[in-house]
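Inspection log for the structure reproduced underneath, given as structure tokens.
The values are calculated or read from the model by the stated rules, or taken from the named source; none is laboratory data. As the structure is a computational prediction, the values presented were derived from the model and not from experiment. No Cβ is skipped: glycine too gets one built from the backbone with ideal geometry, and neighbour counts run over all protein chains shown. We work out accessible area using only protein heavy atoms, side chains counted, and drop any ligands, DNA or RNA first. Shrake-Rupley method; radii C 1.70, N 1.55, O 1.52, S 1.80 Å.
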Amino acid sequence: MPTETFEFQVEARQLLQMMIHSIYSNKDVFLRELVSNSSDALDKLRLEALRDGALDADVSDLHIEIEADKQDRTLTVRDNGIGMSHDEVVQLIGTIANSGTAKFLKELKEAENAATAEGLIGQFGVGFYSSFMVADEVTLVTRRAGEGQGTRWSSTGEGTYTVETVEDAPQGTSVTLRLKPEDTEDKLYDYTSPWKIRELVKRYSDFITWPIRMAVEPVAPAAAADADRDEATDEAQAPSEPETLNSMKALWARSRDEVTDDEYHELYKHISHDWNDPLEVIRLQAEGTFEYQALLFIPAHAPQDLFMQGYQRGIQLYVKRVFIMDDCEALMPPYLRFVKGVVDAQDLSLNVSREILQQDRQIQLMHRRLAKKVLSTVKDLMSAHPERYATFWQEFGRVVKEGLLSDFDNRDAILGVSSFATTHVAAGEDGKEQPTTLAQYVERMKEGQEHIFYLTGESRQAIENSPHMEAFRAKGIEVLLLTDPVDEVWVDAVPAFDGKQFRSVAKGEVDLGTEEEKKEAETERGKQQEEYAGLLSWMSQQLGDTVKEVRLSSRLTVSPACIVSDAGDVTPALANMYRAMGQPLPETKRILELNPTHALVSGLNRAHTGRAEGAEDAALAEAAELVYGMALLAEGGELSDPSRFVKLMADRLERTL
């Protein structure tokens, strides 16, 4: 059959050159990637054979085979799994761009060190190409189960690759590496050495549920330095029966004291394709009428695509150790979609589908139990390992808060593991927040304080500089500083924490201070209300197209004015979010509050009081418009007519010179 030659795209060539020149600090992991791919292919074939009785595929002895040829310096990893069609080879192997190469390269260039670079490899799913770190040429031969013809893909990792159809390919996939010369200084070892292969399989792939076989004579116990000498003797003898290199023990079915942390970490990396160790390992075993085991992992870093549509969740479903599906959405709520792991149920059907899972009562019970277990584990981290909790919240807090809008049963638990930036604790010297929990906030509340106060905004700096904060800062009342987009939504949906209601400092009336202070303020406010009644009425009429009301403020100490919403109104930021999603809300007028102690406001009042009764004063009307515009800008709002505002401001400044 004819051989087709294709050119790699520019980004693909760049990536391959980086692979060849080693952006990995540990080249050994190439074998883990190849074995992991083979394991996935075997899982998929067994599942497809269970669901499709007419599938023409041999599933009698599913396994992974490693074959090393010391003389030709080749290493082959072979499986008899699902295999790939010609089109799949071209799409999945021939074009690295499907793995998000351009974004990967951008992130890679910004990586600060080799460890960061390695972490990116797994996130972008380009592990297959790690083969080019240790090989001068990579050849892949594959045939999809049920099809008659196979496909060969080959490349040296330079500018091109070839694809051709082959007639005699066995079911499954084999990847053959023509290995580079050994160079221990560059951490490039002899990957045809049986002891090295054993070591790598034991270290990275011992938990794989399929047998990993290698047809060589077992190496007698000896120091690693003597292993190569023993191999020369082994090669002169005929190979024995293939040796199974891995234990094939499901880690989730073994007791905790039988499994090392390294074994857990390798299973996590196999499932998640992440190159970093997990932040936390969670074990769960449910017994009784419905039995299942779960082994879950909280990653140490949020993946790049966590908030992208179509993000693949990481829970694998098994039934009696038989792999059923990847990305089992029904087992974990969306706000915990970053959790990776395995759930092995005893009483589900092997033919269960995603649609059936959504309605299955047992799955729903597992869903609730798993969510509670993850949240309780995070709660334990808060008290026992505060540094690890801080890492968790920095990476995943934004997505966990989504649960406040969807998981009403666990709302209190989510609030209990949440933490927020606050005026009580300044940001660190490195700019990172030092968040506080709601329990800590409530414990610090002033005597007589009834609410948990908060303010939303785009950044900490913008919130701290907001006029709405002035009275709270003056009285030393702590305010939560909420800067995530989801904060705009959940604060209106969640009624309270520990009996204390959440209240925005930019909504409604503000009534601070002790009872005695409130009485004194009420007397003073009565006098001010009488003094400013005319101005307030006139400005309410003058600005009636844009504001609901003009009133005196009790929250301002420095600024002349601010704009607030009624207690039940939607904030402008939330209205903009709905508008961006194609769900515009009706326009809501807001309230302009004036600071009666500010010279500008008192001057405006004198000018209004001193004008002739019924006289129209254009300059006074412009001043009122400017006060409203300044208040809008101070909270980060947008002017409806910026050019008019600038002209009015310029004219006013000119008169003062």
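What to note about this one:
A quick yes/no check of all residues on (1) touching a Ser or Thr at 6+ places or on another chain (Cβ under 7 Å); (2) open to solvent by 60 Å² or more (accessible area, probe 1.4 Å); (3) β-branched (V, I, T):
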residue	(1), (2), (3)
N605	no, no, no
T609	no, yes, yes
A619	no, no, no
V627	no, no, yes
D641	no, yes, no
M649	no, no, no
E654	no, yes, no
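- L574 meets the conditions (1) crowded, with 18+ Cβ neighbours inside 10 Å; (2) closer than 17 Å to S466 by Cα in every case but one. The failed one is (2).
- Within the stretch 417-434, the set of residues being modelled with pLDDT of 80 or more and crowded, with 19+ Cβ neighbours inside 10 Å comprises V417, S418, S419, F420, A421, T422, T423.
- Residue in the stretch 335-344 that is open to solvent by less than 70 Å² (accessible area, probe 1.4 Å) and farther than 16 Å from I298 by Cα present: yes
- Pick from the stretch 540-570, criterion among the aliphatic types (A, V, I, L, M) and open to solvent by 30 Å² or more (accessible area, probe 1.4 Å), ranking: nearest to the chain's Cα centre (by Cα): V570
- Matching residues in the stretch 288-315 - criterion: being within 20 Å of R256 (Cα to Cα) and polar (S, T, N, Q): Q293
- The set of residues in the stretch 287-317 being over 17 Å from V400 (Cβ atoms), assigned to a loop (DSSP other than H, G, I, E, B) and among the aliphatic types (A, V, I, L, M) consists of M308 alone.
- Candidate set from the stretch 197-215 (those that are open to solvent by 10 Å² or more (accessible area, probe 1.4 Å) and not in a loop (DSSP other than H, G, I, E, B)); member that is nearest to E67 (Cα to Cα): R213
- Residue match in the stretch 344-354 (condition: without any contact (Cβ under 8 Å) to a residue 40 or more places away in the chain, within 22 Å of the chain's Cα centre (by Cα) and in a helix (DSSP H, G or I)): no
- Summed over the stretch 28-53, residues that are among the acidic types (D, E), more than 16 Å from D206 (Cα to Cα) and either touching a Cys at 6+ places or on another chain (Cβ under 7 Å) or not in a helix (DSSP H, G or I) (or both) total 1.
- Among the residues of the stretch 121-146, those identified as open to solvent by 10 Å² or more (accessible area, probe 1.4 Å), modelled with pLDDT under 90 and among the hydrophobic types (A, V, I, L, M, F, W, C) are F124, F128.
- Taken as a whole, the condition of being under 18 Å from R254 (Cα atoms), in contact (Cβ under 8 Å) with a residue 40 or more places away in the chain and surrounded by 16 or more Cβ atoms within 10 Å (Cβ to Cβ) does not apply to G314.
- Residue in the stretch 358-393 that is surrounded by the most Cβ atoms within 10 Å (Cβ to Cβ), counting only those that are closer than 26 Å to F307 by Cβ, touching an Asp or Glu at 6+ places or on another chain (Cβ under 8 Å) and not β-branched (V, I, T): F392
- Residues of the stretch 500-530 that are open to solvent by less than 70 Å² (accessible area, probe 1.4 Å), part of a loop (DSSP other than H, G, I, E, B) and not hydrophobic (A, V, I, L, M, F, W, C): G508, G513.
- All conditions in (1) under 48 Å from the mean Cα position of the chain (by Cα); (2) over 19 Å from Q529 (Cα atoms) hold for L653, with the sole exception of (1).
- Here is the figure for the stretch 531-573: residues that are part of a strand (DSSP E or B), closer than 20 Å to A474 by Cβ and in contact with a Lys or Arg (Cβ under 9 Å, 6 or more places away or on another chain) total 4.
- Scope the stretch 248-270; condition open to solvent by 20 Å² or more (accessible area, probe 1.4 Å), in contact (Cβ under 8 Å) with a residue 12 or more places away in the chain and either on the phi < 0 side of the Ramachandran plot or part of a helix (DSSP H, G or I) (or both); matching residues: K249, A253, R256, D261, D262, E263, H265, K269, H270
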